[in-house]
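The values are calculated or read from the model by the stated rules, or taken from the named source; none is laboratory data. Note that the structure is predicted; figures quoted are calculated from it, not measured. Virtual Cβ from ideal backbone geometry, glycine too; neighbours counted across all protein chains shown.
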Amino acid sequence: MMDIHQILKQLPHRYPFLLVDRVLSVDKGKSIQALKNVSINEPFFNGHFPHRPVMPGVLMLEALAQTAALLAFDTLGVTPDDKTIYYFAGIDGARFKRPVEPGDQLLLHAELVRMKSGIFKFKTHAMVLDQLAVEAELICTMRSIA
């Protein structure tokens, strides 16, 4: 379990781009479950779409990537610093199965498939209640910056 204060120590993201509210469970080196509460107050709902607000698919993928990053850091036993950045390196098989609307809770799942030379591959999906909202394989990498 990890609350928002612990998440803020691990991820560099801040409002409006921090998309993980709570970590529910971590199985070190294997998997993670986290939660994103979707509120009508999210800034993207003003334009996506005013007549029928839905969470953009790319932000669902970003929430999954942030969740995967938390698993990667936990697996390595590190807290990233200002000289380290965690990047997307690829997205495969992304499928959007259900719109995510204000009031939904997005249950984020990431499973570590492979970790080699600073490159991580995750199998991810997000649920709303018992319905699949999105699934994708994410490839991420950690790099040092000047």
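From the list 108, 70, which residue is within 19 Å of residue 20 (Cα to Cα), assigned to a strand (DSSP E or B) and touching a helix residue (DSSP H, G or I) at 6+ places or on another chain (Cβ under 7 Å)?
108
Looking at residue 68 and the list (1) among the aliphatic types (A, V, I, L, M); (2) more than 13 Å from the chain's Cα centre (by Cα); (3) under 15 Å from residue 12 (Cβ atoms), which single condition is not satisfied?
(2) is the only condition that residue 68 fails.
Exactly one of (1) surrounded by 13 or more Cβ atoms within 10 Å (Cβ to Cβ); (2) within 13 Å of the chain's Cα centre (by Cα) is unmet by residue 44. Its number?
Exception for residue 44: condition (2).
Can you name the number of the only condition in (1) in a helix (DSSP H, G or I); (2) touching a residue at least 24 places away in the same chain (Cβ under 8 Å); (3) among the aliphatic types (A, V, I, L, M) that residue 138 fails?
Among (1) in a helix (DSSP H, G or I); (2) touching a residue at least 24 places away in the same chain (Cβ under 8 Å); (3) among the aliphatic types (A, V, I, L, M), residue 138 violates only (1).
Based on what the data block shows, is residue 81 loosely packed, with under 13 Cβ neighbours inside 10 Å and either among the small types (Gly, Ala, Ser) or at pLDDT below 95 (or both)? Talk me through it step by step, then tell me what you get.
Details: loosely packed, with under 13 Cβ neighbours inside 10 Å: yes; either among the small types (Gly, Ala, Ser) or at pLDDT below 95 (or both): yes.
So residue 81 fits the description; yes.
Take the residues of the stretch 31-41 that are surrounded by fewer than 18 Cβ atoms within 10 Å (Cβ to Cβ) and of a type in the set (A, V, I, L, M, F, W, C): which is nearest to residue 102 (Cα to Cα)?
40
Residues that are without any contact (Cβ under 8 Å) to a residue 60 or more places away in the chain and of a type outside the set (D, E, K, R): does the stretch 100-112 have at least one? It would help to see each step written out before you state the result.
Within the stretch 100-112, the subset without any contact (Cβ under 8 Å) to a residue 60 or more places away in the chain is none.
No - not one qualifying residue is present in the stretch 100-112.
Would it be correct to say that residue 6 is among the polar types (S, T, N, Q) and farther than 21 Å from residue 125 by Cβ?
Numbers: among the polar types (S, T, N, Q): yes; farther than 21 Å from residue 125 by Cβ: yes.
Against the criterion (among the polar types (S, T, N, Q) and farther than 21 Å from residue 125 by Cβ), residue 6 qualifies.
Please determine, by comparing only the residues of the stretch 16-30 that are out of contact with any Lys or Arg (no Cβ under 9 Å at 6 or more places or on another chain) and within 19 Å of residue 61 (Cβ to Cβ), which one is surrounded by the most Cβ atoms within 10 Å (Cβ to Cβ).
Across the stretch 16-30, the extreme among qualifying residues is 23.
Looking at the structure I just gave you, is residue 60 assigned to a loop (DSSP other than H, G, I, E, B) and surrounded by 20 or more Cβ atoms within 10 Å (Cβ to Cβ)?
no
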